[in-house]
Each structure stands twice: as structure tokens, then as C-alpha cells.
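This report concerns only the one structure given below.
The values are calculated or read from the model by the stated rules, or taken from the named source; none is laboratory data. Predicted, not measured: the structure shown is a model, and the values here were computed from it. Note that each Cβ is placed from the backbone with ideal geometry, even for glycine, and that neighbours are counted across all protein chains shown. Side chains are part of the model used for accessible areas, which takes the heavy atoms of the whole protein and leaves out ligands, DNA and RNA. Shrake-Rupley method; radii C 1.70, N 1.55, O 1.52, S 1.80 Å.
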Amino acid sequence: MRYVISGAAGFIGSHLCDRLIKEGHQVLALDNLITGHQGNIQHLLGNPNFEYIKFDVCQPLKIPSIDKFPVHRVFHLASLASPVDYLSHPIETLESGSTGTRNMLELARKHDARFLLTSTSECYGDPLQHPQSETYWGNVNPVGLRSCYDESKRYAEALTMAYHRTYGTNTNIARIFNTYGPRMALNDGRVVPAFVDQALRGAKLTVFGDGSQTRSFCYVSDLVEGLLRLSESDEAYPVNLGNPVEMTIMQFANTIRAYFGDHLEIEHKPLPSDDPKVRRPDIGKAKRILNWEPRVPLDEGLKITIEYFQKVTTQNGAAPHSAMAENRTALEPVEVPSAS
Ligand code: UDP
């Protein structure tokens with residue numbers, strides 16, 4: 001099948017491309033590299049089934065090579081998914097959720113292709129229901145700092161449902177919970193790369209607030225499997241994809257200390273505004289309709305991730321701990337060990 005993937009040079013997008021190419025599919029990969037790195041897909045560039053175009057999907061999709069052949073699947077992953085990135089680029093974030101989603105939906109409609117939106121657990125905001133199931137409508141501050149991400153994804157979900165209802169487009173919506181693994185940008189501010197980066201530098205682990213807020217971490221190969229299963233189903237309503245094993249951020253910091261050594265100190269920093277206090281997916285629906293559940297335990301996935309970061313920092317020197325995407329050092333491609 002021929003897939004068009006937006007956000008293909010990002011963390012999850014690049015793993016998805018790897019899997020599709022491994023299975024013999026054709027992939028047309030789009031990315032404007034605002035937060036993605038070409039290094040993440042460099043190893044695929046010589047493959048005749050893989051084409052990469054540096055392109056911003058918020059622009060009209062007038063790309064001749066897309067329309068040369070049929071398109072069977074359109075996956076819209078393009079987004080600024082880390083809080084540090086979307087807080088520093090709120091307008092681009094709103095654009096990729098709105099105009100970007102519309103352009104990708106139009107592409108799917110034109111080709112009669114199936115469309116998959118990668119949405120987010122942020123749709124639940126700071127949730128009042130725990131764990132979060134797909135039937136919960138969320139508790140989002142529409143004008144808070146995080147609203148650029150939360151509301152653009154909620155709009156993207158509404159637009160996807162509107163295409164499904166109005167044009168009969170085959171659509172899927174994945175609500176992705178915290179996911180981690182190799183090729184995350186070491187300096188994107190999310191807690192897994194942030195703690196690993198700090199640990200590698202022997203710096204203090206920055207726990208925001210008292211660290212009692214909870215998250216559940218899903219290894220990227222499990223997530224990719226869930227996305228592909230969802231795209232083979234006829235489920236148009238949202239499906240949670242994430243790992244239901246929940247821990248506090250303080251417990252996570254101690255997991256990192258157990259790996260690197262107790263000499264690592266913890267430094268508390270202010271909790272960002274609207275930071276959700278709890279988050280854990282109810283994956284009952286994914287289990288039921290996709291026969292999917294995560295397989296990679298945290299210690300196993302974390303080991304692979306840490307080894308990846310150790311390797312890239314040795315190759316490139318210490319990555320700068322910068323919030324701005326344009327200040328990032330592009331990481332050279334490295335062989336990513338598979339979890340399976
Ligand atoms: N966090 C932290 N220290 C950091 C980065 C994040 O304590 O250096 C916390 C953050 O406040 C949040 C959790 O870790 O409660 C997960 O944050 P992340 O940015 O990874 O993603 P989020 O789940 O907020 O989208």
C-alpha cells in the first residue's frame with residue numbers, strides 16, 4: 001500500500017516509516033523539520049519505496065509526486081508535541097492541528113484513502129475522571145497556555161468526524177498518551193529525555209512541583225503497533241493508545257536514579273500551568289476492538305532509550321539543552337535496536 005505520512009521525520013513518525021518500509025509498503029514522507037530531524041529518516045532515503053519531501057502541510061498540498069500514484073493511507077502526525085515546543089510556537093501548533101489536518105483530510109478524500117489522526121491524551125486536559133476512557137469529554141482550559149495544543153487537537157478530532165460524517169471518509173482517531181523511545185529530541189523538554197539528559201550530564205533531575213503528578217509511559221514500538229492496528233479497523237471514534245502502568249513523576253525520577261546511581265540529586269522546579277495532575281489511559285476499548293495492549297515493560301524500553309541517547313551524545317557531544325527547535329543540534333542517524 002502507499003502511505004502518506006506527515007510529521008515523518010519526528011520521533012513517532014520515523015518509527016512508523018521504519019515499520020512500513022520493513023513490511024514492503026511505499027511511503028511518501030512529509031515534514032517541515034520544525035521539530036523533526038532529517039537524521040531520523042536518513043537511513044531510509046536510498047530506499048526505492050521511500051520518498052521524503054521537506055514540506056509544511058499547512059501549505060496547499062500541490063505536490064505532483066503525491067498524485068502520480070494512488071494513495072491508500074494518510075497518517076497525520078505533524079504537530080509540535082512537546083509542551084516546551086508548543087508553548088514556544090503556539091500559532092504553528094494551532095495551524096498544524098487546523099489547516100494541516102484539513103489539508104491532509106482533503107488529500108485522503110481526493111484519493112479515497114483512509115485517514116488516521118494522531119490525537120492526544122491532552123484532549124482530556126487536567127482530567128476529573130481517572131483513568132481516562134474515550135467517553136470522557138475532558139477538562140481543558142480553552143485559553144490557558146496549553147490550549148494551543150489541546151484545543152487544536154480537539155478541533156482536529158471534530159474536523160475528522162465532520163469529514164467522516166459529511167463525505168463518508170474512512171477515518172480513525174488515535175489518542176496517544178505519553179510515549180518514549182529512541183529519536184526523541186534529547187532537549188525537547190519532555191520528562192523522559194529531560195531526565196536522561198540530566199543523568200548523562202550528572203546534573204540534578206528537575207522535578208516540577210512536588211512530583212506527585214502521574215503519567216504512564218508507552219514504548220514507541222507498542223504505539224506504532226497500535227496505530228497500524230487502528231488503521232486497519234473501521235472504528236471512527238477515538239481510541240486511547242498508551243501504557244496503563246501509572247507512576248508519579250517522583251517515582252520516575254527514582255527509576256532513573258536506580259539506573260544511573262543514587263548520587264543524582266533532585267531539584268524541584270515550579271509546576272507548569274495547567275499541568276495535568278493525573279494521567280492513565282483506560283485501554284479497554286483498544287484491547288477489545290484491536291486486540292492490542294503494550295508489551296514492552298518500562299525497564300526494557302528505558303534501557304534501549306538510554307543506550308540510544310548515550311550513543312548519540314557520544315557521537316555528537318553533549319546536546320544543548322535548548323527549548324527552541326531551531327537551536328537544536330541535528331542528531332546523526334544511528335541504528336535503533338528493536339524492542340521485539
Ligand atoms: N516534568 C518534570 N520535569 C521535567 C519535565 C517534565 O517534572 O524536566 C513533568 C511535567 O511537569 C509533567 C510530566 O513530567 O507533569 C510529564 O511531562 P512531559 O513534558 O513529558 O509531557 P506531558 O505529559 O506534560 O505532556
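Between a first residue in region 44-67 that is under 17 Å from H25 (Cβ atoms) and a second residue that is among the charged types (D, E, K, R) and open to solvent by 20 Å² or more (accessible area, probe 1.4 Å), which pairs have beta carbons less than 7 Å apart while being 6 or more apart in sequence or on different chains?
Final answer for the pair search is S65/E51.
If you check I53, I21, I41, which single one turns out to be closer than 20 Å to R102 by Cβ and hydrophobic (A, V, I, L, M, F, W, C)?
After ruling out the rest, the residue left standing is I53.
Could you identify the single residue in E157, E106 that is of a type in the set (D, E, K, R) and under 30 Å from T214 (Cα atoms)?
Matching residue, one of E157, E106: E157.
Tell me, please, whether a residue that is open to solvent by 10 Å² or more (accessible area, probe 1.4 Å) and either at pLDDT below 95 or away from the ligand (no atom under 11 Å from the Cβ) (or both) can be found in region 170-177.
yes
Scan region 191-205 and report the pairs whose first residue is within 10 Å of the ligand (Cβ to nearest atom) and whose second residue is of a type in the set (F, W, Y) and open to solvent by 10 Å² or more (accessible area, probe 1.4 Å), with Cβ atoms within less than 9 Å and a gap of 6+ or a chain change.
The qualifying pairs are V191/F208; V191/F217; V192/F217.
Return the residues of region 203-222 that are assigned to a helix (DSSP H, G or I) and open to solvent by 20 Å² or more (accessible area, probe 1.4 Å); say none if nothing qualifies.
Listed by number, the list holds a single entry, S221.
Would you point out the residue of region 108-127, among those that are part of a helix (DSSP H, G or I) and in contact with a Ser or Thr (Cβ under 8 Å, 6 or more places away or on another chain), that is most open to solvent (accessible area, probe 1.4 Å)?
Checked region 108-127; the qualifying residue most open to solvent (accessible area, probe 1.4 Å) is R109.
Given region 231-294, what strands (runs of 3 or more DSSP E) lie entirely inside it while holding 1 or more residues that are surrounded by fewer than 17 Cβ atoms within 10 Å (Cβ to Cβ) and among the basic types (K, R)?
Qualifying strands (runs of 3 or more DSSP E): 266-269.
Tally the residues that are of a type outside the set (S, T, Y) and near the ligand (Cβ under 10 Å from one of its atoms), restricting the search to region 178-190.
5
Inspect all residues belonging to region 306-322 and state whether any of them is modelled with pLDDT under 95, outside any helix (DSSP H, G or I) and more than 16 Å from the ligand (Cβ to nearest atom).
Checked against the condition, which is being modelled with pLDDT under 95, outside any helix (DSSP H, G or I) and more than 16 Å from the ligand (Cβ to nearest atom), region 306-322 yields at least one hit.
Can you run down the residue pairs with Cβ atoms below 9 Å, 6 or more apart or on separate chains, where the first is in region 113-124 and on the phi < 0 side of the Ramachandran plot and the partner is at pLDDT below 95 and more than 13 Å from the ligand (Cβ to nearest atom)?
Pairs found: A113/P70.
Do we have any residue at all in region 128-135 that's in a strand (DSSP E or B), of a type outside the set (K, R) and either closer than 30 Å to R73 by Cα or free of Cβ contacts under 8 Å to residues at least 12 places away in the same chain (or both)?
Yes, region 128-135 has at least one match.
With L200, L159, L145 as the choices, which residue is surrounded by fewer than 22 Cβ atoms within 10 Å (Cβ to Cβ), out of contact with any His (no Cβ under 8 Å at 6 or more places or on another chain), part of a loop (DSSP other than H, G, I, E, B) and aliphatic (A, V, I, L, M)?
From the options L200, L159, L145, the qualifying one is L145.
Can you find even one residue in region 26-41 that is open to solvent by 50 Å² or more (accessible area, probe 1.4 Å), out of contact with any strand residue (DSSP E or B) (no Cβ under 7 Å at 6 or more places or on another chain) and not basic (K, R)?
Within region 26-41, one or more residues are open to solvent by 50 Å² or more (accessible area, probe 1.4 Å), out of contact with any strand residue (DSSP E or B) (no Cβ under 7 Å at 6 or more places or on another chain) and not basic (K, R).
Name the helices (runs of 4 or more DSSP H) wholly within region 13-103 that hold at least 2 residues that are at negative phi and small (G, A, S)?
In region 13-103, the matching helices (runs of 4 or more DSSP H) lie at 90-97.
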